[in-house]
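Enquirer: Take a look at this one; I'll ask things after.
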Amino acid sequence: MADQGGSAHGIARASRVRTEEQRKVELDKIAKYRELEDQVRSSVARGDTGPDLFQLTSKLLRLNPEYYTVWNVRRRLLTSGLLSKPSAASSPLTASLTASPTATTTPPSAASSSSSLSATQPSHASPTAGRSGTTADSPVDEAKTSTADATPRAAAVVAVVAGQKKDFDILKSELEFTIPLLLDSPKCYWIWSYRLWLLQQVIDRLSVPVARRVWQEELGLASKMLTRDRRNFHAWGYRRHVVAQLESPRLGGGSMVEAEFEYTTRMIRMDLSNFSAWHSRSKLIPRLLGERGADDSTRKGFLDEELGLIREALNVGPEDQSLWYYHQFLILNLVNPVGHPTLTPAFTLEDRVTYVTREIQDIKELLEDYDDVKLIYEALLEYTLYLGQLQGRKLDGAEKDELAEWLQKLKKLDPMRNGRWTELERECGLVEMESFGN
């Protein structure tokens, strides 16, 4: 049976013919999948919570990681008995474990390099499988209790440590279980969501030094995923969340803004079209300047550097929309400082006008080499209107002539939005409004 030809995103899809043998193989896979799904459903309906059902969910999720209901089943299996009771991990005795003199914190750089995507995966026939490939020390290594001390308090500490050891092994094994799934489906939301849930359990159940090392390894994983696909917005959002947790007091963290800002610089140098890197950069800048205690002169120099960076990128790829988004972010800090994080609060109106005027002139120069890139005309149109608003004046005759020329060019380059360009002509007073009813 031949697949029907079609197209996706404007790309023709070639028809292919399956042999009878291929068709039988596919039908056999479908039958086995449905049988496995029925087994999981039946076990859940009976209220099973044992390792057999856990193993079945592993098999099913390897076939279909988008099956979010099965991820939820897996969560319930962990919390209903496979993991220790939360009360044990939240015991006041845990505080004494987190203050162990043997506890040390691994630097982020070391954690990043230690999280290997090629680590040997443990068997998931049982949730207590070994943790081959892990680097974080277990709670037993964090807090050793003398067997000679037989007091009730010591016995309680031993119980807490044992519970944490069990939880550590299970959670690390689960984190490792999802790695090959992420490699095959790096943009599957449900895998990322499940990892975040596991990491939250790490915070809730383990001592701070151990939990911090696990989260540092997670930052290493995010870096490796972004090395494989630099524009994976799931991985970028995930990285921001991991960094926020590592900075939180709950994990004994401090600011990582300098390191993350440098990370965006490296990623941008590797790929100017990395929208997520530019976006993360824009979110970091206000904090970066604040934590540096930047004075007015330093802030001005920083803005000049950022404008220089994006100008250099636009000279290479003015058709790249991600570059214009970041350029607009910088311009809006000049023309609308009230509604955006202010990079240069000491700038006078004259300073702001000077900068916007200079950027408009630089963009006009791009037309000498790129007169068929519509994003250039859109930026010129938008920034010229910003300039008039900034100065609180109407556009002069020369500016209106330029706007009319740019809009005519946009009508040719982007005829699908001619209605939008015509409306802008009216808003800018370039054409007379048609009388009602005509």
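Enquirer: Do we find that residue 299 is assigned to a helix (DSSP H, G or I), among the basic types (Lys, Arg) and over 19 Å from residue 244 (Cα atoms) in this structure?
Expert: yes
Enquirer: Please pick out the residue among 319, 350 that is acidic (Asp, Glu) and outside any helix (DSSP H, G or I).
Expert: 319
Enquirer: Separate question: Within region 217-237, is there a residue that is basic (Lys, Arg) and within 24 Å of residue 306 (Cβ to Cβ)?
Expert: Looking through region 217-237, at least one residue is basic (Lys, Arg) and within 24 Å of residue 306 (Cβ to Cβ).
Enquirer: Among the residues of region 181-192, how many are part of a helix (DSSP H, G or I) and surrounded by 15 or more Cβ atoms within 10 Å (Cβ to Cβ)?
Expert: 5
Enquirer: Separate question: Scan region 301-323 for residues that are open to solvent by 90 Å² or more (accessible area, probe 1.4 Å) and not polar (S, T, N, Q) and jot them down.
Expert: Scanning region 301-323 gives 305, 312, 316, 319.
Enquirer: Something else now. Yes or no: residue 381 under 19 Å from residue 412 (Cβ atoms), hydrophobic (A, V, I, L, M, F, W, C) and surrounded by 15 or more Cβ atoms within 10 Å (Cβ to Cβ)?
Expert: Here the answer is yes, as residue 381 does meet what is asked.
Enquirer: Against the condition open to solvent by 50 Å² or more (accessible area, probe 1.4 Å) and farther than 23 Å from residue 299 by Cβ, how does residue 370 come out, does it pass?
Expert: yes
Enquirer: Is it the case that residue 218 is out of contact with any Asp or Glu (no Cβ under 6 Å at 6 or more places or on another chain) and without any contact (Cβ under 8 Å) to a residue 12 or more places away in the chain?
Expert: no
Enquirer: Give all pairs with beta carbons closer than 9 Å in which a residue from region 398-417 that is in contact (Cβ under 8 Å) with a residue 40 or more places away in the chain meets a residue that is open to solvent by 90 Å² or more (accessible area, probe 1.4 Å) and not in a helix (DSSP H, G or I); count only pairs at least 6 apart in sequence or on separate chains.
Expert: Correct list of pairs: 413/372.
Enquirer: Determine which single condition residue 364 fails, assuming it passes every other condition in (1) within 21 Å of residue 327 (Cα to Cα); (2) open to solvent by 70 Å² or more (accessible area, probe 1.4 Å).
Expert: Going through the list (1) within 21 Å of residue 327 (Cα to Cα); (2) open to solvent by 70 Å² or more (accessible area, probe 1.4 Å), residue 364 breaks only (2).
The values are calculated or read from the model by the stated rules, or taken from the named source; none is laboratory data. Source: prediction; values computed, not measured. Cβ sites come from the backbone with ideal geometry, for glycine too, and all protein chains shown count toward neighbours. Please note that ligands, DNA and RNA were not included when accessible areas were found on the heavy atoms of the full protein model with its side chains. Shrake-Rupley method; radii C 1.70, N 1.55, O 1.52, S 1.80 Å.
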